[in-house]
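Q: Quick one: the structure is below, and I'll ask about it shortly.
The values are calculated or read from the model by the stated rules, or taken from the named source; none is laboratory data. On a predicted model such as this, the values are computed, not experimentally measured, just so you know. Ideal geometry is used to build each Cβ from the backbone, glycine not excepted, and the neighbour counts take in all protein chains shown. Just the protein is used for accessible areas: all its heavy atoms, side chains included, with ligands, DNA and RNA removed. Shrake-Rupley method; radii C 1.70, N 1.55, O 1.52, S 1.80 Å.
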Amino acid sequence: METSSPTFAAKFKKKIKDFGPAFFIIGYVVGTGSVTSMVVSGAKFGLSLSWALLLSCFFTYFLLISISKLTIVTGNTLMLLFKKTFGKPITLFIITALAVSIISSVIGVMGVVAEVCMEWISVKTSISFLNKPVIATFFIALLIALFWTGKHENFIKAMSLMVGFMALAFIFTSFMVLKESGKSIIEFFPDLPTGDNTGLIIAGIVGTTMAGVCLASRSILVHEEKWGLNDLKKENKDAMSAMVMTFLISLAIMISATGTLYFKGIPVNDATDLMTALGPWAGDFALTLFTLGIVGAGLSSIFPNLLLFPWLIADYTDTPRNMKRPLFKIIVVLVALSGLIVPFLGGKPVWILIASQAFSPFVMPLITLFLIILINKSEVMKSHKTSLWMNMALGATFIFNCYMLYVAIIGFIDFV
């Protein structure tokens, strides 16, 4: 009996499905927080902080493949393994820290989205009855409605498409900046000044890339994919794809900000200042393109944030991730409503968002240490021992995370 060969569309869909967790990481990491951190870094310091981006992507790769292998071998998710091995109190501390990161991220992201939208409305239209609280309330109500009805897949795809266009625009702009700036590549790496929120920005760059929440969700996604030992190569390729794409897109944003903001001495203090990062190379459409991208990035990163806290609870309690549970619905609504804080009460969403990203390094050394212990326990990994090279890589990751914790603490002290 003859079997028809799969069509190109079917092959493409299978490839996309195989790299589902990678797309989740790219979509979550390359969001409003990443754009904000990279633009502020490029505007203030050129490419001088690109080392933090490179190292965070490099070390995150080892964390991703270790967490994935641990989940595949044991069949358990990360927080459940932490609870079984290290006890409830310390695991609850980690979940609480991740929850703070989630909520603060939602607060900052919605603040940026509302401010950018309001700027676009004031420049491009004659509408006068809208303000930031109204815009934020509309978006929050939309996200809650989508969660409540469960009809969010097409919406998230549309938002991801908008983010993709913005990412391509930044990549195009970065090439134009390098070509037409008239500067040598050396001038893109100025001397790094001390103070001036440098520590907070470094911690924000690392925190948005090496996000503890994202690492915890990686375990959940691998578990949901039902990957087995035969899928370890696929998992490694998936993690590599995620980190390479994250680095290239983030670097393009940083280069664009260097050419359009740093060399012109334009500071970034408010969300509206971010819009000039696409500069004259995107022409009159720059404002609209950036606004669409920020809205897409913001909403597509807030929505998974709404789900992540209940996911962590289900992970910890080893119960199904049934989002129809009343407790989970209440948590989702409360986290969503936190996004109204900045639009209603005021504040600088750019620095609130960077601070929320910079909070991640506070818990990363503990997560990394626990991961190293677990993957070296024979009763956990059974016959699947961890290689010396992987242990060395994770040891270097732990040292890097401890240094980033120090940088984050100094950054917060200087900021306050």
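Q: How much length is gained on full extension from MET381 to ILE409, taking 0.36 nm per residue of separation minus their Cα-Cα distance?
A: Numbers: separation 28, 0.36 × 28 = 10.08 nm, distance 3.47 nm.
Gain on stretching MET381 to ILE409: 6.6 nm.
Q: Given a 1.4 Å probe and the protein chains all in place, what does the accessible area of LEU221 round to, in Å² to the nearest 10?
A: Approximately 20 Å² of LEU221 is accessible to the 1.4 Å probe.
Q: Give me the mean projected area, in nm² to one decimal, of the convex hull enclosing the Cα positions of region 199-308. Write out the running numbers ahead of the final one.
A: Working: hull surface 34.9 nm².
The directionally averaged projection comes out at 8.7 nm².
Q: Using the charge dipole of the chain (Lys, Arg: +1 at Cβ; Asp, Glu: -1 at Cβ; taken about the Cα centre), state which of LEU388, VAL350, LEU287 has its Cα farthest towards the positive end.
A: Projecting each Cα onto the dipole axis, the largest value belongs to LEU388.
Q: What whole-number value in Å² describes the accessible area per residue of the chain for a 1.4 Å probe?
A: Values: 18240 Å² over 416 residues.
For the chain, the per-residue accessible area is 44 Å².
Q: Also, quick follow-up: Filter the cross-link list LYS124/LYS329; LYS69/LYS179; LYS44/LYS83; LYS237/LYS329; LYS84/LYS324 down to pairs whose alpha-carbon distance in this structure exceeds 32 Å.
A: Details: LYS124/LYS329 37 Å; LYS69/LYS179 43 Å; LYS44/LYS83 42 Å; LYS237/LYS329 35 Å; LYS84/LYS324 27 Å.
Check vs 32 Å cut-off fails for LYS124/LYS329; LYS69/LYS179; LYS44/LYS83; LYS237/LYS329.
Q: Let me ask you something else. For region 373-416, what is the convex hull volume of the alpha-carbon atoms per residue, in Å³?
A: 63
Q: So, one more: Taking +1 at the Cβ of each Lys and Arg and -1 at the Cβ of each Asp and Glu, which of THR77, PRO89, VAL335 sits farthest along the dipole of the chain towards its positive end, judged by Cα position relative to the Cα centre?
A: Value: THR77.
Q: How many percent of the accessible area of region 238-397 is carbon or sulfur, using a 1.4 Å probe? Walk me through the intermediate numbers first.
A: Numbers: 4350 of 6160 Å².
Taking all protein chains in place, region 238-397 shows 71 percent carbon and sulfur surface.
Q: Whole number please: convex hull volume per residue, Cα atoms of region 246-358, in Å³. Working shown, then result.
A: Details: hull volume 16.0 nm³, N = 113.
With only Cα atoms used, region 246-358 gives 142 Å³ per residue.
Q: I've got another one for you. From largest accessible area down, sort TYR61, TYR406; use a 1.4 Å probe on the protein chains.
A: Highest to lowest solvent-accessible surface, that is TYR406, TYR61.
Q: Right, next: Which percent of Cα-Cα pairs in region 308-416 sits in each 5 Å bin, short to long?
A: Spelled out per bin, shortest first, that is 2, 10, 12, 13, 13, 17, 14, 11, 6, 2, 1, 0.
Q: For the chain, what does the helix formula give at 222 nm: sum of -39500 (n - 2.57) over DSSP H segments with n ≥ 4, over the residue count, nearest 500 deg cm²/dmol? Could you put the intermediate results ahead of the total?
A: Numbers: 18 runs with 307 residues, N = 416.
Helix-only estimate at 222 nm: -25000 deg cm²/dmol.
Q: Under 18 Å from a label point 7 Å along Cα→Cβ of LYS84: give me every residue in region 361-386 with its amide N that close.
A: 370-386, by backbone N distance to the label point.
Q: Taking the Cα atoms of the chain alone, what are Rg (to one decimal) and Dmax (as a whole number) in Å?
A: Looking at the chain, its Cα Rg and Dmax stand at 21.1, 73 Å.
Q: Could you check the simple spin-label distance between ILE127 and ASN391, using points 7 Å along Cα→Cβ, in nm with one decimal?
A: In this crude label model, ILE127 to ASN391 measures out at 6.0 nm.
Q: List the trypsin sites (Lys or Arg not before Pro) within region 235-341 that fall in a DSSP loop (any state other than H, G, I, E or B) and whose Cβ has at most 11 other Cβ atoms within 10 Å.
A: Those that pass, being in a loop and sparsely packed, are LYS264, LYS324.
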